[in-house]
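One structure is given here, and the rest of the page talks about it.
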Amino acid sequence: QVQVVESGGGLVQPGGSLRLSCEVNRPFFSINLVAWYRQPPGKERELVASITRGLSTNYTDSVKGRFTISRNNAKNTVDLQMNSLKSEDTGVYYCNVAARSVRDGIIRVHWGQGTQVTVSS
């Protein structure tokens, strides 16, 4: 069973930085896409950034130039470096993994349980 575990959330002041990690118990060659979503208080979940197996990245406009998504092969994680944080970045951050099953070859989507990020003075 694919397990997705996020870590690195916390409380930070505006202008500060946090680094989130998404650990997956599958090798990267079996993973098509990893994405970070967030759900602000009282709002719907939204896509923040994504990275493909070929290392192509995509960002929502509001985080471009501030957030960086990257893959750490040594730790088998996908990290989200968040700089110049704003209050509107507050929310629960979820990792989403699209992985091909070793059992039947079907690509399935798996979610982590989320990590809270609070940007406040």
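Here are the numbers for this structure:
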| item | result |
| --- | --- |
| Scan of segment 57-113 for residues that are among the hydroxyl-bearing types (S, T, Y) and in contact (Cβ under 8 Å) with a residue 60 or more places away in the chain, ordered by number | S84, S87, Y93, Y94 |
| Wholly enclosed strands (runs of 3 or more DSSP E) of segment 11-121 bearing at least 3 residues of a type outside the set (A, V, I, L, M), buried (at least 16 other Cβ atoms within 10 Å of the Cβ) and more than 12 Å from the chain's Cα centre (by Cα) | none |
| Filter result (out of contact with any strand residue (DSSP E or B) (no Cβ under 7 Å at 6 or more places or on another chain) and farther than 13 Å from W111 by Cα) within segment 1-26 | Q13, G15, G16 |
| Looking only at segment 1-10, and only at residues there that are at pLDDT below 95 and among the polar types (S, T, N, Q), the one that is surrounded by the most Cβ atoms within 10 Å (Cβ to Cβ) | Q3 |
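The values are calculated or read from the model by the stated rules, or taken from the named source; none is laboratory data. Bear in mind the structure is a predicted one, so any value in this text is a computation, not a measurement. Here the Cβ is made from the backbone with ideal geometry for all residues, glycine too, and neighbour counts use every protein chain on show.
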